[in-house]
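Working notes, structure below.
The values are calculated or read from the model by the stated rules, or taken from the named source; none is laboratory data. Note that the structure is predicted; figures quoted are calculated from it, not measured. Please note: Cβ atoms are built from the backbone with ideal geometry, for glycine as well, and neighbour counts cover all protein chains shown.
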Amino acid sequence: MRSIEKTDVPEANTNEIKDISRRKVLISGAVMVTGMSLARTASALSTFRSDSTTTKGKSMSHHLDSPIARQDLRLDITDLYVFRGETGTAFVINICHSIGKPPITGYHPEGMYEFKIDLNGDAVEEVTYRLTFEERDAQGKQKYTVRRISGKEAVDPHAAGTVVAHGITDETVTTPSGLRTWAGHAGDPFWIEPDVLHAVGHAFQDGTKVDLAGWDPSKAHNLFAGHTVYSMVLEVPDAELLASAGNNRKIGVWAVATLATDAGGWRPINRFGLPMIWPLFTQYNEDLGDRLNGGRPADDYATWGNTLAKKMAAVVAAYGTSEDPETYGEKIAHRMMPNIMPYTVGTQASLGFAEWNGRTLTDNAPDVMFSIAANTPIHLGIGRESVTSKPRKTFPYVPVAV
């Protein structure tokens, strides 16, 4: 395998919170960027920044525009899942990965977490489910509120929406309409093999084959085995989810984590749709990772489609698996952009080679996305058997934290 280039990591101020999220992990002195660094994210996110003069409560920390505030792992979305639940469509956001050893765990009380849902295929949300959390109490619990914002207001971070649920962490809430929600500490159902991950990142950065020379598949291991996350799970009945969708059952979903600003606005920190986009294209191009995280899905292809298409075309050309690598790259870029997870409500979810239709907690996203992007089989050598705590079959579905 090609050697991993060592990156110098500057010494952090002793008063700073270090940014070592699941998206940026130090291994043997080398920096593995599986996505992007939150420290640099918000500076690139001007598209959605609000200049509102609305003021927050007196408890505001007044340090929210600083790099330290934006590095908070409680705002680092690690995964998004959408699948058929027991009573409706289940949506899951995972944050605050234990591999980063966050000094403060749980949910940011001055942030908000949103499930964005497009009902008509225009890559603009018609429904937003927003979760906001209070400070931890003496027992470490956090109360939270779930709001539904629909119609034109769904894009507005200031829209009040309608409160649909109140809850407290680690307890299931069921509303009269049948909506269910849960938030709490959970096992991470995701798996990744670090050597393969590094090699894939180099290939798509350098335009080469994935160099796994010297890698022993028999020694493949899950970097995230035994690690935990903080999950937010929402299960929405079909009648509520599709109330304004007519006969259409095809939706598009993405997640956004947003931080309050000192000026009274909101600054988006993370945006997540399809899995593995950052590991494929930004491990060694953090600036691209920052920029991919900004803007809105409707503008994704116009802004980044050509960049991603060229990266895939170069790898496909290196493998010689297409007579026209450029056209192949363009077609897959069109599948990836806008960066939204498609799902047909009421169907079995599957993120696989045949289709991208939601994502279950056990779908093999790395093998699928790496292989499709390269137009050649790329295997991690591990699968869901490498996950320490398995997903539950009943609500809230996410693994128990062990």
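Close Cβ contacts (under 6 Å, 6 or more residues apart or on different chains) running from residues in the stretch 255-266 that are in contact (Cβ under 8 Å) with a residue 40 or more places away in the chain to residues that are outside any strand (DSSP E or B) and small (Gly, Ala, Ser) comprise Gly264/Ser52; Gly265/Ser50; Gly265/Ser52; Trp266/Ser50.
Just to verify a result, which residue in the stretch 272-288, among those that are of a type in the set (A, V, I, L, M, F, W, C) and either in a helix (DSSP H, G or I) or under 14 Å from Asp76 (Cβ atoms) (or both), is modelled with the lowest pLDDT?
In this case the residue turns out to be Leu288.
Scanning the stretch 329-346 for residues that are crowded, with 19+ Cβ neighbours inside 10 Å, in contact (Cβ under 8 Å) with a residue 40 or more places away in the chain, not in a loop (DSSP other than H, G, I, E, B) and not hydrophobic (A, V, I, L, M, F, W, C) returns Pro342, Tyr343.
This table checks each residue for (1) of a type in the set (A, V, I, L, M, F, W, C); (2) out of contact with any Asp or Glu (no Cβ under 7 Å at 6 or more places or on another chain); (3) free of Cβ contacts under 8 Å to residues at least 40 places away in the same chain.
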residue	(1), (2), (3)
Val163	yes, yes, yes
Gly167	no, yes, yes
Gly184	no, no, no
Gly187	no, yes, no
Gly201	no, yes, no
Gly207	no, yes, no
Gly214	no, yes, no
Ser244	no, no, no
Asn248	no, yes, no
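Residue-wise test of (1) out of contact with any helix residue (DSSP H, G or I) (no Cβ under 8 Å at 6 or more places or on another chain); (2) at pLDDT 95 or above; (3) among the charged types (D, E, K, R).
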| residue | (1), (2), (3) |
| --- | --- |
| Ala199 | yes, yes, no |
| Phe204 | no, yes, no |
| Ala220 | no, yes, no |
| His227 | no, yes, no |
| Val233 | yes, yes, no |
| Leu241 | yes, yes, no |
| Ala255 | yes, yes, no |
| Arg267 | no, no, yes |
| Asn270 | no, no, no |
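Considering Ala349, Ala373, the condition of being in contact (Cβ under 8 Å) with a residue 24 or more places away in the chain, more than 22 Å from Asn248 (Cα to Cα) and not hydroxyl-bearing (Ser, Thr, Tyr) is satisfied by Ala373 alone. Against the definition (β-branched (Val, Ile, Thr), in contact (Cβ under 8 Å) with a residue 24 or more places away in the chain and in contact with a helix residue (DSSP H, G or I) (Cβ under 7 Å, 6 or more places away or on another chain)), how does Ile95 come out, yes or no? So Ile95 passes the test.
Conditions (1) aliphatic (A, V, I, L, M); (2) surrounded by fewer than 18 Cβ atoms within 10 Å (Cβ to Cβ); (3) part of a loop (DSSP other than H, G, I, E, B); (4) more than 19 Å from the chain's Cα centre (by Cα), marked per residue:
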residue: Asn248; (1), (2), (3), (4): no, yes, yes, yes
residue: Val253; (1), (2), (3), (4): yes, no, no, no
residue: Gly264; (1), (2), (3), (4): no, yes, yes, yes
residue: Asp290; (1), (2), (3), (4): no, no, no, no
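With respect to the conditions (1) over 18 Å from Gly383 (Cα atoms); (2) loosely packed, with under 15 Cβ neighbours inside 10 Å, Asp216 lacks only one, and its number is (1). Scanning the stretch 345-396 for residues that are of a type in the set (Phe, Trp, Tyr), over 23 Å from Lys219 (Cβ atoms) and under 19 Å from the mean Cα position of the chain (by Cα) yields a count of 1.
The set of residues in the stretch 162-174 being surrounded by 19 or more Cβ atoms within 10 Å (Cβ to Cβ) and outside any strand (DSSP E or B) consists of Thr169 alone. Among what's in the stretch 208-239 and is hydroxyl-bearing (Ser, Thr, Tyr) and outside any helix (DSSP H, G or I), pick the residue that is nearest to Val164 (Cα to Cα). Out of the qualifying residues, it is Ser231.
Restricting the stretch 131-148 to residues that are among the charged types (D, E, K, R) and not in a strand (DSSP E or B), the residue that is nearest to Ala160 (Cα to Cα) is Glu134.
Can you name the residue in the stretch 183-198 that is outside any loop (DSSP other than H, G, I, E, B) and more than 18 Å from the chain's Cα centre (by Cα) and is also nearest to Pro399 (Cα to Cα) among such residues? Only one residue fits best here, namely Pro194.
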